[in-house]
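First up is the structure itself, then whatever we jot down about it.
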Amino acid sequence: MKERLLKLLKKNRSKSVVSLIFDETMVALVRRDHDYFVVDRIVVSTASDWNNAAHDLIIKHQLSGYQVKIVLGHGSYQSLIIDQPNLGAEELPIALPFLIKDLVNDSPADLIADGFPSIVNGHLQVFVASRQLVTDIVLTCNNAGCNVNDVTVEDVVWSAFTDINRNQLIIHSDESDELQLTAFHEQNFCFQRQLRGVSLSTLDTSLVENRQQQLDNLALELQRSLDYISAQLRGDAINQLIISCNKQQNEKLAQELNQRLNINVKVIDDVAIDIDCNIYRLGWAALQRSSHSTLNLYRDSLLPLKEWVTFSNLAISWGILFIIFISWFGVNQWQNMEQQTQLDQQLSILAAEKQQLYLTTDKIASMVVDPVKASQVKKLETELVTKENALKAIYKHDDSLKVGYAELLNQLADASNGDISLQHIYVAGELMDLNGMARTPDAVPRWIGVFDRYSSLMNRRFQKMSLGRNDKNVVTFNLQAVKSQHVIEDFH
């Protein structure tokens, strides 16, 4: 039963994740739906059309509430290698834009970057993108009802098609048929380059001699890359080449390169029927990424901070506070009625006891003084004094309740200056505790300073005042009343 529940939870979680791939010529979508994948794409002319295309795909497939994984294609980011800085993992994303400012043309404030250790000891592999570009994508998804939690790049996600214990090179084509090389050392990105002058269209020539020449040139370029990577890996050479092209040339190209290279060449494995081109392969690879991936360009700071202390929120807070006051007043009135009923009962009992006392006194006065009767009279007098004292206490308690807290609450409301939002009020006799939110830290002492103008507030004393901020960066305060004769701090 437990295994079935875990499987169901895993399936529901997988349905709530979608990947969006932003290529120079299109925006693509990949989503897992049970045992198959839903794929779609919209062709764009420039990167400025990305946001509209992403919004249309989200609305079309009703993806509100989904977690989105973003993949940036070539041309929308830069790859750099710098000296390894002596920084922690949390400080690195903040410091990287400033560490690479001499290597890029943009200001550090306009960049977002992340990195991981390079295969070259003492160096860091860095990927950097435009902050505005990533922010626009994140806001587009957020406005469409989705939450972005992962932004990565094309070079990194190709690792999903490699083996953990092998060094492999992937040759893949983009929509313009240009060939790219990406190398991985045990699934860790280590090298990427574009094969200029060689494309699928040139390899598809009908002239055998030209085709053979192009294949020889391709093999030569690949061998040069393999030699370079082997030198970087210090002898731990690439031992397999994976072919991933969008046209029906994978098998033929693998056969030709197997004859020209001294490493094994194979066609990329098919992960699903619908994942039949490279842009969808990138989307599928993004869905396989864990939450602890080494590279993630997403930052919470990309989303604007939500302002909680707004006019509408304050109006709602005061409305809720007014309802609480009315409810409190109603409860107080009900308690007064209950106390009045008890008081009437005690008065009736007292009147009956007094009548009995008068009758007994008259009988005693008409009779000879008897020690026993004198003792009874003294006992009755003592009981009368006790009940009168109890009655006085009831009257005193009743007067306090009749005054109630309505005046106190009304004066608290009158003392408000719009900078204070109360969330909790505790009153017991002369003791009063308050806590809530304030627009600024100095608004709290100013507010307390006007208590002397109100009769129910002027004698209130506070032992302790504490100020802080909640997770939304809003100022919070807590005022505690004097609870003993030894006052530590008096803020009023």
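The values are calculated or read from the model by the stated rules, or taken from the named source; none is laboratory data. Everything quoted here is computed from the prediction, not taken from an experiment. Positions of Cβ are generated from backbone atoms using ideal geometry, with glycine treated the same way; all protein chains shown enter the neighbour counts. The accessibility values were calculated without ligands, DNA or RNA, using every heavy atom of the protein model including side chains. Shrake-Rupley method; radii C 1.70, N 1.55, O 1.52, S 1.80 Å.
Numbers below:
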read-out	value
Among (1) open to solvent by 90 Å² or more (accessible area, probe 1.4 Å); (2) touching a residue at least 60 places away in the same chain (Cβ under 8 Å); (3) closer than 21 Å to S176 by Cβ, the one test that T25 misses	(1)
Yes/no for N313 being at pLDDT below 90, part of a helix (DSSP H, G or I) and farther than 30 Å from R131 by Cβ	no
Region 146-155, subset open to solvent by less than 10 Å² (accessible area, probe 1.4 Å) and not in a helix (DSSP H, G or I), residue farthest from Q84 (Cα to Cα)	C146
Residue match in region 243-259 (condition: modelled with pLDDT of 85 or more, outside any helix (DSSP H, G or I), out of contact with any strand residue (DSSP E or B) (no Cβ under 7 Å at 6 or more places or on another chain) and of a type in the set (V, I, T))	no
Given (1) open to solvent by 30 Å² or more (accessible area, probe 1.4 Å); (2) in contact with a helix residue (DSSP H, G or I) (Cβ under 7 Å, 6 or more places away or on another chain), index of the condition V71 fails	(1)
Neighbours by Cβ (under 8 Å, 6+ apart or cross-chain): first from region 210-229, under 17 Å from A254 (Cβ atoms) and among the hydrophobic types (A, V, I, L, M, F, W, C); second open to solvent by 50 Å² or more (accessible area, probe 1.4 Å) and modelled with pLDDT of 85 or more	L215/R260; A219/R260
Breaking point among (1) out of contact with any strand residue (DSSP E or B) (no Cβ under 9 Å at 6 or more places or on another chain); (2) basic (K, R); (3) part of a strand (DSSP E or B), for R196	(1)
From V444, V427, V450, residue being out of contact with any Phe, Trp or Tyr (no Cβ under 6 Å at 6 or more places or on another chain) and open to solvent by less than 40 Å² (accessible area, probe 1.4 Å)	V450
So A53, is it of a type outside the set (K, R), at negative phi, crowded, with 19+ Cβ neighbours inside 10 Å and in a helix (DSSP H, G or I)	yes
Of the criteria (1) open to solvent by less than 50 Å² (accessible area, probe 1.4 Å); (2) out of contact with any helix residue (DSSP H, G or I) (no Cβ under 6 Å at 6 or more places or on another chain); (3) at pLDDT below 90, which one R196 fails	(1)
Counted residues, region 216-239 - those being β-branched (V, I, T) and in a helix (DSSP H, G or I)	1
Residue in region 88-102 that is modelled with pLDDT under 95, open to solvent by less than 20 Å² (accessible area, probe 1.4 Å) and not in a helix (DSSP H, G or I) present	yes
Residue in region 287-299 that is open to solvent by 90 Å² or more (accessible area, probe 1.4 Å), of a type in the set (V, I, T) and part of a loop (DSSP other than H, G, I, E, B) present	yes
Residue under evaluation I273, criteria (1) open to solvent by 70 Å² or more (accessible area, probe 1.4 Å); (2) under 30 Å from V38 (Cα atoms); (3) in a helix (DSSP H, G or I); (4) not polar (S, T, N, Q), criterion not met	(3)
A438 modelled with pLDDT under 80, surrounded by 13 or more Cβ atoms within 10 Å (Cβ to Cβ), under 20 Å from W318 (Cα atoms) and in contact with a helix residue (DSSP H, G or I) (Cβ under 6 Å, 6 or more places away or on another chain)	no
Enumeration of residues in region 415-440 that are closer than 15 Å to S456 by Cβ and not in a strand (DSSP E or B)	A415, S416, G429, E430
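Residue-by-condition table, conditions (1) of a type in the set (K, R); (2) surrounded by fewer than 15 Cβ atoms within 10 Å (Cβ to Cβ); (3) touching a residue at least 24 places away in the same chain (Cβ under 8 Å); (4) more than 28 Å from L233 (Cα to Cα):
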| residue | (1), (2), (3), (4) |
| --- | --- |
| I112 | no, no, yes, yes |
| P117 | no, yes, yes, no |
| F127 | no, no, yes, no |
| I137 | no, no, yes, yes |
| A144 | no, no, yes, yes |
| V157 | no, no, yes, no |
| N167 | no, no, yes, no |
